[in-house]
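In what follows, a structure is listed as structure tokens, so that the remarks can point back to it.
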Amino acid sequence: MVRLLFCWGLLLLGPLVARAQTADTVRRRGAMRVVHLDSVAVSPQAIDTKGWLLLNKDIQQELDGAVHNLYNFKYDRAEKQFRSLKRRYPEHPLAYLMLGLNTWWKIRPTSFQTKAYDRPFFAYMDSAITKAEALYKADKQNYEATFFLAAAYGFSARLHAERHDWRLATVDSKRALSYLQKSQEANGLSPEFLFGQALFNYYAVWIPNNYPLLRPVLLFFPKGNKELGLQQLRTVATTGFYTATEAKVFLMGILKTEENNSAEALPVAKQLAATFPDNGYFQRFYALLAYDQGEFVECERVSKEILAKINQGLPGYEAISGRYASYFLGYLMQYRYRDAAKARDYYQRCIVFSESSGDTSGGFYLFANANLARLADKERELATARRYYTVVKDIADHKSEQYKEATTWLKKNKS
């Protein structure tokens, strides 16, 4: 993810996913107007694009470095460049949205845990909405304005959902969907306009298949086409300008998580990690996929770089990335290099990172404790093994192999 994070498609459906994951259901007063999004791009007819910064090649060239800085976590440099754009185009939404995206990428690497940037983020999105609404009010065929309105409302909806503010998330989602419907008229002008539709096509099918309780709600949403959505996403990833990188980010995530296809996601992650070497989110995702696919040399290299950048205090490198990297290195030291001492050190660091970020309900925290227990048992350090196995027993799913292993060991080695 020059490249811009206009990911309103998932952002609109994202509140539904987030709410489903909390075992809650969306309740709305009154019926939502049914909207229809065509599954193919609509060729524009006599659309006046004069004054559209979105299609301005000079602006694209100017912002290429700025958005690269954004995704490479050089936040201060990016902000300086976006503010320069705002001074020259104070009534256009582009600079405000870019400043909001710069703030968004301070939040996202923490898995939305930090709330320190919420207020400036919402302020930038509100400003982008205000500027875009003025443009749209002046010209109902200004599809660039609808593009920015869908994007800004979509981003706001996503963060409101992450904060469990379902009322605002639902309101903003509905507004974003309405503007996305209007902006499709310009699909033939640029792949930027196709991005939201690509995500809608995919997730409008994926969500009801994976969250059946949401099917009644999704009756009010457009019908999707998952295969077409993936095809459109790949098109945007290869031909887009502002949206190309974010399309790759979504493609990487969809292939890994939704499609269970780490092999196809790996080269996408590798390209993102190589292009943006200081983006901790891309680096840890690449390390994860390399680990999944047995690319252990790359996994080790990237994991060590992540820990080094955390030690350097680079922006966007924090406990979550450290948790990934230290676990992978612990695993490699234990099973690839047979170095128990180094494996213990990395697993213990994984536990510290996990505890500092509050990620102690399973995952790497669980596996690190389990492996430390095995290492201690092998050395007949029974008190240490008991301590780690007790943690495993307390947090593991009762049907899991880790839980069975821990309970069996604890019964055989009662204190």
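The values are calculated or read from the model by the stated rules, or taken from the named source; none is laboratory data. Remember, predicted model here, so these are calculated numbers, not experimental data. Virtual Cβ from ideal backbone geometry, glycine too; neighbours counted across all protein chains shown. Surface accessibility is based on the protein's heavy atoms, side chains included, excluding ligands, DNA and RNA. Shrake-Rupley method; radii C 1.70, N 1.55, O 1.52, S 1.80 Å.
Data table
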| quantity | calculated |
| --- | --- |
| Candidate lysines - alpha carbon under 25 Å from Lys140, same-chain residues fewer than 8 apart omitted | Lys50, Lys57, Lys86, Lys131, Lys174, Lys182 |
| Solvent-accessible surface (1.4 angstrom probe) belonging to Thr384, in square angstrom, nearest 10 | 40 Å² |
| Using θ = phi - 60° and Karplus 6.51 cos²θ - 1.76 cosθ + 1.60, couplings along segment 230-237 (whole Hz; Gly, Pro as x) | 5, 4, 5, 5, 5, 4, 5, 4 |
| Cross-link reach list, lysines versus Lys309, counting only Cα pairs under 30 Å and skipping chain neighbours closer than eight places | Lys74, Lys80, Lys106, Lys115, Lys248, Lys256, Lys270, Lys342 |
| With every protein chain in place, the chain: carbon and sulfur % of accessible area (1.4 Å) | 49 percent |
| Span per principal axis, largest first, for the Cα atoms of the chain (Å) | 78, 45, 36 |
| Percentage relative contact order, segment 290-415, counting C-alpha pairs under 8 Å, at least six apart | 16 percent |
| Distance in nm between pseudo-label sites at Lys414 and Ser400 (7 Å out along the Cβ direction from Cα) | 2.6 nm |
| Largest to smallest accessible area among Asp278, Asp292 [probe 1.4 Å] | Asp292, Asp278 |
| Pairwise FRET efficiency - Thr257 versus Tyr337, Cβ, R0 = 41 Å, nearest 0.05 | 0.85 |
| Length released on extending from Ala116 to Arg387, taking residue separation times 0.36 nm less the Cα-Cα span | 94.0 nm |
| Cβ-based net charge around Ala373, under 12 Å, with every Lys or Arg adding one and every Asp or Glu removing one | +2 |
| Surface accessible to a 1.4 Å probe, per residue, for the residues of the chain, Å² | 45 Å² |
| Partner lysines for Lys393 [C-alpha distance under 22 Å; skip if fewer than 8 residues away on the same chain] | Lys378, Lys404, Lys411, Lys412, Lys414 |
